[in-house]
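Chemist: First, the structure itself, so that you have it in front of you.
The values are calculated or read from the model by the stated rules, or taken from the named source; none is laboratory data. All values reported here derive from a predicted model rather than from experimental measurement. Cβ sites come from the backbone with ideal geometry, for glycine too, and all protein chains shown count toward neighbours. Just the protein is used for accessible areas: all its heavy atoms, side chains included, with ligands, DNA and RNA removed. Shrake-Rupley method; radii C 1.70, N 1.55, O 1.52, S 1.80 Å.
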Amino acid sequence: NIGVQRLLDAVVDYLPAPTEKPEVQGTDPRDKNHAMTRPHDPDAPRVVTGVRIAPYERHEDCIPMQDGDRLDFRFDAQFPLAFNLLYREGAVVVIPLSRERVEEFAGVFAATAARAYCLAWEAGPRGAILDYRFRVRRPGD
């Protein structure tokens with residue numbers, strides 16, 4: 001245990017914090033000539049682009065939230081797909097928000113309890129390419 005703690009202390013002391021690093025450079029997946037940057041800001045929206053979903057397959061992204069938090073989200077897809085915002089209570093899946101055959105959608109969801117809420121998409125027969133973004137807003141934000 002003593003050696004592990006010393007190693008963890010060294011990591012904290014010598015490696016830079018994420019906010020001390022330069023912004024991440026990249027390109028827009030739809031236009032390779034368009035440069036983009038992403039700051040190292042834990043409060044910045046999470047942006048995910050170019051997720052390929054095979055025909056009849058699912059993609060899910062779960063976000064831990066507290067009671068009273070709001071989830072601002074939006075997405076667009078190349079082909080229609082099913083969208084659910086869900087959470088799990090043991091073996092039970094609860095779906096407070098569902099949309100069928102949508103290519104884009106945006107909304108705000110208010111958490112009613114501390115748990116992981118999941119954004120879930122299911123592709124149809126053509127599959128889909130999905131772009132989405134979300135941000136958790138705490139009460140008072």
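Chemist: By how many degrees, between 0 and 90 and to the nearest 10, does the Cα long axis of helix 2-14 differ from the longest principal axis of the chain?
Modeler: Roughly 80 degrees, rounded to the nearest 10.
Chemist: How far is it, in nm, from the label point at residue 46 to the one at residue 12 when both lie 7 Å from their Cα along the line to the Cβ?
Modeler: 2.5 nm
Chemist: With n ≥ 4 as the cut-off for DSSP H runs, can you work out [θ] at 222 nm for the chain, using -39500 (n - 2.57) per run divided by the number of residues, rounded to the nearest 500?
Modeler: -3000 deg cm²/dmol
Chemist: List the residues whose amide H sits under 5 Å from the amide H of residue 127, counting only those 5 or more places along or on another chain, with H placed 1.01 Å from N in the peptide plane.
Modeler: 56
Chemist: To the nearest 20 Debye, how big is the dipole of the chain about its Cα centre, given +1 on the beta carbon of each Lys and Arg and -1 on that of each Asp and Glu?
Modeler: 220 debye
Chemist: Here's another thing I want to ask about it. Testing the spin-label approximation: label points 7 Å from Cα along Cα→Cβ at residue 129 and residue 62. State their distance in nm.
Modeler: 2.9 nm
Chemist: With every atom except the alpha carbons ignored, what do you get for Rg and Dmax of the range 1-79, in angstroms?
Modeler: 18.5, 54
Chemist: Among 49, 77, 14, whose Cα sits farthest toward the positive end of the charge dipole of the chain (+1 at Cβ of Lys/Arg, -1 at Cβ of Asp/Glu, about the Cα centre)?
Modeler: Going by the Cα projections, it comes out as 77.
Chemist: Let me ask something else about it. What trypsin sites (Lys or Arg not before Pro) does the range 1-92 have in DSSP loop regions with at most 12 other beta carbons within 10 Å?
Modeler: Of the trypsin sites (Lys or Arg not before Pro), the ones in loops of the range 1-92 whose Cβ has at most 12 other Cβ atoms within 10 Å are 30.
Chemist: Please compute the Kirkwood hydrodynamic radius of the range 72-141 from all pairs of different C-alpha atoms, in Å with one decimal.
Modeler: 13.1 Å
Chemist: Which longest uninterrupted range of the chain lacks any GluC sites (Glu not before Pro) assigned by DSSP to a loop state (not H, G, I, E or B) and surrounded by at most 16 other Cβ atoms within 10 Å?
Modeler: 58-141
Chemist: Could you do me a favour and compute the accessible area per residue for the chain, 1.4 Å probe, result in Å²?
Modeler: Spelled out: the 1.4 Å probe surface of the chain, per residue, equals 67 Å².
Chemist: What translational D, rounded to a whole number of µm²/s, comes out for the range 101-141 from Stokes-Einstein when the hydrodynamic radius is the Kirkwood one over Cα pairs, at 4 °C and 1.567 mPa s?
Modeler: D = 99 µm²/s.
Chemist: For the range 56-141, run through the chymotrypsin sites (Phe, Trp or Tyr not before Pro) and keep only the ones in DSSP coil with at most 12 other Cβ atoms within 10 Å of their Cβ.
Modeler: Here the sparse-neighbourhood loop sites are 56.
Chemist: Using a probe of 1.4 angstrom, how much of the accessible area of the chain is carbon and sulfur, in percent?
Modeler: 52 percent
Chemist: Right, another one. Volume per residue, Å³, of the convex hull around the alpha-carbon atoms of the chain?
Modeler: 184 Å³
Chemist: Please work out the Cα center distance from the range 9-78 to the range 85-141, rounded to the nearest Å.
Modeler: Centre-to-centre distance over Cα atoms comes out at 16 Å.
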